[in-house]
Amino acid sequence: MDHHPRIASDRVLNVTILPTAQEASAAVAEKILSAVRANPAAVLGLATGQTPRRVYAALLDAVAAGEISFADATTFNLDEYCGLPASHADSFAAYMYRELFGKADFRPARINLIDGAAADNEVEAARYARLLAEHPIDLQLLGIGTNGHIGFNEPGALPAGRVQTVKLSEETLLANQPTLIELKQVPAHAITMGIGDILAAREIVILATGPAKAEAVRRSLQETPDNACPASHLSTHSNVHWFLDEAAAGLLQR
Ligand code: GLP
């Protein structure tokens, strides 16, 4: 394990670099497991996309081995496409049940998901924001987009932003296209937790793997916070831990 404490704007950013995506994902899973072991009623912020899949698989290994229970945990997901009900295979809700919730003992009543089929997005955003205010997140898991987006906070998103409906960038529409199961194209809009919601978490664990994320990682860790790179605002948080594989760390000045 290659640990790189790094001073950025007078804060120490914990950056752990491991040789492979598998090892980086296992280290993130261990972080989540130890948080839930320490506090079974932990409130977890969860992410979707290809990157967290190995983390969820590792959590399920611990469930299968009887090493963990999520029965008292509460979850919040970062985002959801607009126009998709949870039953739609391409919804992030369906992804979460496939990759994690359907195979572990999370209680449905404690699984909080944005309703992509809400009649009124503003009402849904306010509902979700209220739930987040009632259950502050203890540990927020993040991935990162190739353009530095976190959740669906695209370049230009404001650091104080809260739950809101957003228009997805061309880069994101392109990047997410290959993940579609039934849809022909990625929905144009989504509801996402804002950067302000993410920064309100007590602890943030962000996982980036593969060379496609190297530039976003470099900008986030080695440049000053800038709205053009949403993940760069993470350096203002006092308890962030980056987990990278060598490929995603490839452009860091070390
Ligand atoms: C998706 C999600 C983000 C995710 C990012 C990277 O659109 N909204 O939460 O972190 O894009 O996804 P991946 O891990 O597949 O590269």
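Summary table
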{"item": "Tally of residues being under 28 Å from ILE32 (Cα atoms) and more than 9 Å from the ligand (Cβ to nearest atom) across segment 179-192", "result": "2"}
{"item": "Residue within segment 168-182 that is among the aliphatic types (A, V, I, L, M), within 25 Å of ALA129 (Cβ to Cβ) and touching a Leu at 6+ places or on another chain (Cβ under 9 Å) present", "result": "no"}
{"item": "LEU142, sole failed condition from (1) surrounded by fewer than 19 Cβ atoms within 10 Å (Cβ to Cβ); (2) in contact with a helix residue (DSSP H, G or I) (Cβ under 9 Å, 6 or more places away or on another chain)", "result": "(1)"}
{"item": "Within segment 199-220, considering residues that are in contact (Cβ under 8 Å) with a residue 60 or more places away in the chain and among the charged types (D, E, K, R), the one nearest to the ligand (Cβ to nearest atom)", "result": "LYS213"}
{"item": "Count of segment 1-51 residues which are modelled with pLDDT of 95 or more and either closer than 16 Å to LEU139 by Cβ or over 20 Å from the mean Cα position of the chain (by Cα) (or both)", "result": "24"}
{"item": "Residues satisfying the stated conditions in segment 130-168, i.e. closer than 14 Å to ILE191 by Cα, among the polar types (S, T, N, Q) and either without any contact (Cβ under 8 Å) to a residue 12 or more places away in the chain or more than 10 Å from the ligand (Cβ to nearest atom) (or both)", "result": "GLN164, THR165"}
{"item": "Residue match in segment 67-80 (condition: surrounded by fewer than 18 Cβ atoms within 10 Å (Cβ to Cβ), touching a residue at least 40 places away in the same chain (Cβ under 8 Å) and not charged (D, E, K, R))", "result": "no"}
{"item": "Residue that is nearest to the ligand (Cβ to nearest atom), among those in segment 41-64 that are more than 30 Å from GLN177 (Cβ to Cβ) and open to solvent by less than 60 Å² (accessible area, probe 1.4 Å)", "result": "VAL43"}
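The values are calculated or read from the model by the stated rules, or taken from the named source; none is laboratory data. For clarity, every value in this text was computed on a predicted model and none was experimentally measured. Counting neighbours? That spans all protein chains shown, and the Cβs are built from the backbone with ideal geometry, glycine included. Side chains included, ligands, DNA and RNA excluded: accessible areas come from the protein's heavy atoms. Shrake-Rupley method; radii C 1.70, N 1.55, O 1.52, S 1.80 Å.
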